[in-house]
Amino acid sequence: MLMAAATFNSLTLPFSKPEFPFSSIARTHVPTPTLNLSWFRPNGFLLCSLSSDHPTTATGGQLHHKANTNSTDPQPQFILGTLFTWNWKGYSIRYQCSGSSGPALVLVHGFGANSNHWRKNIPVLAKSHRVYAIDLIGYGYSDKPNPREVGDSFYTFETWGSQLNDFCSSVVKDKAFFICNSIGGLVGLQAAVAKPEICRGLFLLNISLRMLHVKKQPWFGRPFIASFQSLLRNTAVGKLFFRSVATPESVRSILCQCYHDTSQVTEELVQIILHPGLETGAVDVFLEFICYSGGPLPEELLPQVECPVLIAWGDKDPWESIELGRAYGDFDTVEDFVVLPNVGHCPQDEAPHLVNPLVESFVSRHSKSPANASTTI
């Protein structure tokens with residue numbers, strides 16, 4: 001789900017106005033095998049990811065921390081939470097946790113990112129909350145099962161929503177607030193709809209509009225988009241494309257598009273995004289997801305949510321237009337739509353001084369209600 005319209009050689013497929021009351025048409029270009037990053041707009045998603053060099057293992061239901069003897073890289077200094085792995089359905093899932101008291105928060109990253117993308121939020125929020133940040137399966141240093149072996153229906157929001165709910169039940173052992181960026185917002189919404197007894201509240205940062213969803217494609221463009229997605233997934237073109245963007249230079253260029261304040265695009269951030277994308281299996285997950293045009297839309301899930309929802313949006317996001325996103329603020333389930341001035345697609349990392357106080361006040365408001373009180377699950 002990387003592109004919102006396709007331009008391949010001389011072919012351009014624009015979107016028509018979607019059924020949901022958005023006010024403009026989203027257009028993005030898809031790469032040819034010769035990469036030109038000036039057109040690369042992942043429509044709300046980051047590219048790759050990174051994780052710790054000291055993962056943990058779960059043995060006999062216990063969580064253990066151990067050194068990674070297969071890596072010669074030093075321990076990244078930006079890891080601020082304690083690192084663990086959790087065995088979920090036979091897969092190893094990496095997560096971080098910090099803080100010993102207060103309401104539970106689960107931080108959910110966007111496409112291609114990972115729990116380290118919350119490095120500026122975890123230490124602040126952990127002063128008065130129990131903070132967990134998870135690597136969704138397929139990303140970060142969680143396992144990346146091959147899509148051809150697990151089936152087409154594996155890398156979906158239903159899968160990630162189930163993972164998030166099971167994580168709360170098995171690891172957090174409590175109801176939790178979900179703090180989500182980009183496609184992580186769809187994961188949080190899906191989890192909250194599937195098991196409303198688990199989610200205490202949703203804070204959505206620049207949630208993905210999903211403009212490549214089949215329901216938002218013009219009827220005349222759907223066969224061409226499907227053909228192009230098949231080309232990426234089933235031929236060498238997709239892996240050539242991935243190799244062209246999975247470089248420090250390309251990742252830096254992409255980040256400078258989605259961060260309005262490009263001074264925040266540091267070498268540390270580039271490595272956070274790039275490093276796990278070089279792991280075995282990452283390319284297959286990447287291609288599987290950019291070809292994923294089904295599943296739920298935010299406008300379908302928001303009316304079904306039973307918990308409070310707060311949406312915040314960086315007004316300089318070049319991938320997910322705030323003018324389109326404002327429509328989500330009209331749903332009865334959304335208590336407010338907050339504009340973050342001069343901020344791009346990843347506000348939690350670009351402007352933590354704006355995001356962290358919003359999280360704290362949102363959680364504080366909804367932790368005082370007896371009906372929303374913390375209970376073991």
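Accessible area per residue for the range 310-366 in Å², computed with a 1.4 Å probe and the full protein assembly in place, what is it?
Values: 2020 Å² over 57 residues.
That works out to 35 Å² per residue.
So how far, in whole Å, is the C-alpha centre of the range 187-259 from the one of the range 278-339?
10
Here are some pairs, Lys120/Lys316; Lys175/Lys216; Lys127/Lys175; which of them have Cα atoms lying more than 24 Å apart in this structure?
Numbers: Lys120/Lys316 20 Å; Lys175/Lys216 34 Å; Lys127/Lys175 19 Å.
Cα-Cα > 24 Å for Lys175/Lys216; rest within.
Quick check: net charge around Asn146, other residues with Cβ under 14 Å of its Cβ, Lys/Arg +1 and Asp/Glu -1?
-2
Return the lysines within reach of Lys144: Cα separation strictly under 17 angstrom, same-chain partners fewer than 8 residues apart disregarded; answer none if there are no such residues.
Within the straight-line cut-off, Lys144 pairs with Lys89, Lys239.
Please enumerate, by chain and number, the lysines with C-alpha under 22 Å from the C-alpha of Lys215, excluding those fewer than 8 residues away in the same chain.
Straight-distance partners of Lys215: Lys17.
Below 8 Å between Cα atoms, with a sequence gap of 6+, how large is the relative contact order for the range 265-345 in percent? Could you put the intermediate results ahead of the total?
On the way: 75 pairs, mean separation 23.2, N = 81.
In percent, rounded to a whole number, it is 29.
I'd like the trypsin sites (Lys or Arg not before Pro) in the range 111-209 restricted to DSSP loop residues with at most 16 other Cβ atoms within 10 Å, sorted by number.
Here the sparse-neighbourhood loop sites are Lys127, Lys173.
Counting C-alpha atoms alone, how compact is the range 214-358: give Rg to one decimal and Dmax as a whole number, in angstrom.
When restricted to the Cα atoms of the range 214-358, Rg and Dmax are 17.8, 47 Å.
Heavy atoms only, probe 1.4 Å: what % of the accessible area of the range 176-320 goes to carbon and sulfur, would you let me know? Please list the in-between numbers first.
Details: 2610 of 4610 Å².
For the range 176-320, the apolar C and S fraction of the accessible surface comes to 57 percent.
With an 8 Å Cα cut-off and a minimum separation of 6 or more residues, compute the relative contact order for the range 137-238 in percent. Display every interim value, and only then the final one.
On the way: 95 pairs, mean separation 21.1, N = 102.
Worked out over the range 137-238, it gives 21 percent.
For Arg200, enumerate residues with amide H under 5 Å from its amide H, sequence gap 5+ or separate chain, H modeled in the peptide plane.
Those lying under 5 Å, H to H, from Arg200 are Ala176, Phe177, Phe178.
Amide H of Ser142 versus every other amide H placed in the peptide plane: which residues, excluding those fewer than 5 positions away on the same chain, fall under 5 Å?
Arg94
The values are calculated or read from the model by the stated rules, or taken from the named source; none is laboratory data. Keep in mind that what you see is a predicted model, and the values were worked out from it rather than measured. Counting neighbours? That spans all protein chains shown, and the Cβs are built from the backbone with ideal geometry, glycine included. Keep in mind that these areas ignore ligands, DNA and RNA; they rest on the heavy atoms of the full protein, side chains included. Shrake-Rupley method; radii C 1.70, N 1.55, O 1.52, S 1.80 Å.
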